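Here's the structure, in structure tokens; my notes come after.
The values are calculated or read from the model by the stated rules, or taken from the named source; none is laboratory data. Keep in mind the model is a prediction, meaning the values are calculated, not measured. For neighbour counting, all protein chains shown are included, and Cβ atoms are generated from backbone atoms with ideal geometry for every residue, glycine included.
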Amino acid sequence: MYDFIQKFHSGWAYLALLVLVVAVVNSLIGMFSKKEFFSKDRKIALFALIAIHIQFLVGIILYFVSPNGLNMIKAVGMGGLTTESRLLALEHPLINVIAIVLITIGWSKHKKLMTSESKFKTFSIFYGLGLLLILSRIPWKIWL
């Protein structure tokens, strides 16, 4: 079961990141070109939100069944974590939770806004910050 969840988490990450990048680029283009916010733009942001939340749910499951997650902290304690194990057991999950919270806040805030410019700006900021945080804590050596 662990192998399937780990491979799904790694594979789904490609799709989730792609959709999130598309949402950020779309919102930046909309913001800088001062175009109108259409349902297509909302759907792109919604797909990114859904893809990232699915990735989060699978990641939470993986955190509890993986030898590199909570089990690593239990086995060696916080002080015994190496740089690589600290990334997997602590930094990657914590930073990604913060990123997902930012993305979710961006989605929630856009619903209250009335102008296209403010909607695009909100998505650009919150989804963009979420994307940067996610990219900063991907275990690149293991993932690629």
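Residues are listed down the side, and each one gets a yes or a no for (1) more than 13 Å from LEU49 (Cβ to Cβ); (2) more than 10 Å from the chain's Cα centre (by Cα); (3) at pLDDT 95 or above:
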position	(1), (2), (3)
VAL97	yes, no, yes
LYS109	no, yes, yes
SER118	yes, yes, yes
LYS121	yes, yes, yes
TYR127	no, no, yes
LEU131	no, no, yes
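When region 96-108 is examined, which residues are found to be surrounded by 17 or more Cβ atoms within 10 Å (Cβ to Cβ), under 26 Å from MET72 (Cα atoms) and of a type in the set (Val, Ile, Thr)?
Passing the criteria: only ILE100.
I'm trying to understand the selection: among the residues of region 1-19, which are among the hydroxyl-bearing types (Ser, Thr, Tyr) and closer than 30 Å to PHE123 by Cβ?
Listed by number, the residues that qualify are SER10, TYR14.
Can you pull out every residue in region 50-81 that is assigned to a loop (DSSP other than H, G, I, E, B) and hydrophobic (A, V, I, L, M, F, W, C)?
Answer for region 50-81, where residues must be assigned to a loop (DSSP other than H, G, I, E, B) and hydrophobic (A, V, I, L, M, F, W, C): just LEU81.
Exposed (fewer than 13 other Cβ atoms within 10 Å of the Cβ) and either part of a helix (DSSP H, G or I) or in contact with a strand residue (DSSP E or B) (Cβ under 8 Å, 6 or more places away or on another chain) (or both) - does that describe any residue in region 109-126?
The answer is no, given that none of the residues of region 109-126 is exposed (fewer than 13 other Cβ atoms within 10 Å of the Cβ) and either part of a helix (DSSP H, G or I) or in contact with a strand residue (DSSP E or B) (Cβ under 8 Å, 6 or more places away or on another chain) (or both).
Give region 127-144 a look and list any residue that's loosely packed, with under 15 Cβ neighbours inside 10 Å and in a helix (DSSP H, G or I), or say none.
Once the filter is applied, which keeps residues that are loosely packed, with under 15 Cβ neighbours inside 10 Å and in a helix (DSSP H, G or I), region 127-144 yields LEU132, LEU135, SER136, TRP140, LYS141, ILE142, TRP143.
Among the residues of region 99-144, how many are in contact (Cβ under 8 Å) with a residue 40 or more places away in the chain, touching a Ser or Thr at 6+ places or on another chain (Cβ under 6 Å) and of a type in the set (Lys, Arg)?
Number of matching residues: 0.
Any residue at all in region 73-84 that's hydroxyl-bearing (Ser, Thr, Tyr) and over 20 Å from the mean Cα position of the chain (by Cα)? Give the derivation first.
So in region 73-84, the residues hydroxyl-bearing (Ser, Thr, Tyr) come out as 82-83.
Of the ones still in play, those that are also over 20 Å from the mean Cα position of the chain (by Cα) are 82-83.
Yes; the residues of region 73-84 include at least one that is hydroxyl-bearing (Ser, Thr, Tyr) and over 20 Å from the mean Cα position of the chain (by Cα).
Suppose we keep only residues that are assigned to a helix (DSSP H, G or I) and more than 14 Å from the chain's Cα centre (by Cα) within region 1-10. Which one would you say is nearest to PRO67 (Cα to Cα)? Break it down stepwise before answering.
The first filter runs over region 1-10 and keeps only residues assigned to a helix (DSSP H, G or I), leaving 2-10.
From what is left, the residues that are more than 14 Å from the chain's Cα centre (by Cα) are 2-8.
Numbers: TYR2: 9, ASP3: 11, PHE4: 14, ILE5: 13, GLN6: 11, LYS7: 14, PHE8: 16 Å.
The qualifying residue nearest to PRO67 (Cα to Cα) is TYR2.
Within region 34-49, identify whether any single residue is modelled with pLDDT of 95 or more, buried (at least 19 other Cβ atoms within 10 Å of the Cβ), part of a helix (DSSP H, G or I) and under 12 Å from the mean Cα position of the chain (by Cα), and answer yes or no.
yes
Is it the case that region 72-84 has a residue that's in contact with a Pro (Cβ under 9 Å, 6 or more places away or on another chain), closer than 19 Å to TRP140 by Cβ and either buried (at least 18 other Cβ atoms within 10 Å of the Cβ) or free of Cβ contacts under 8 Å to residues at least 60 places away in the same chain (or both)?
yes
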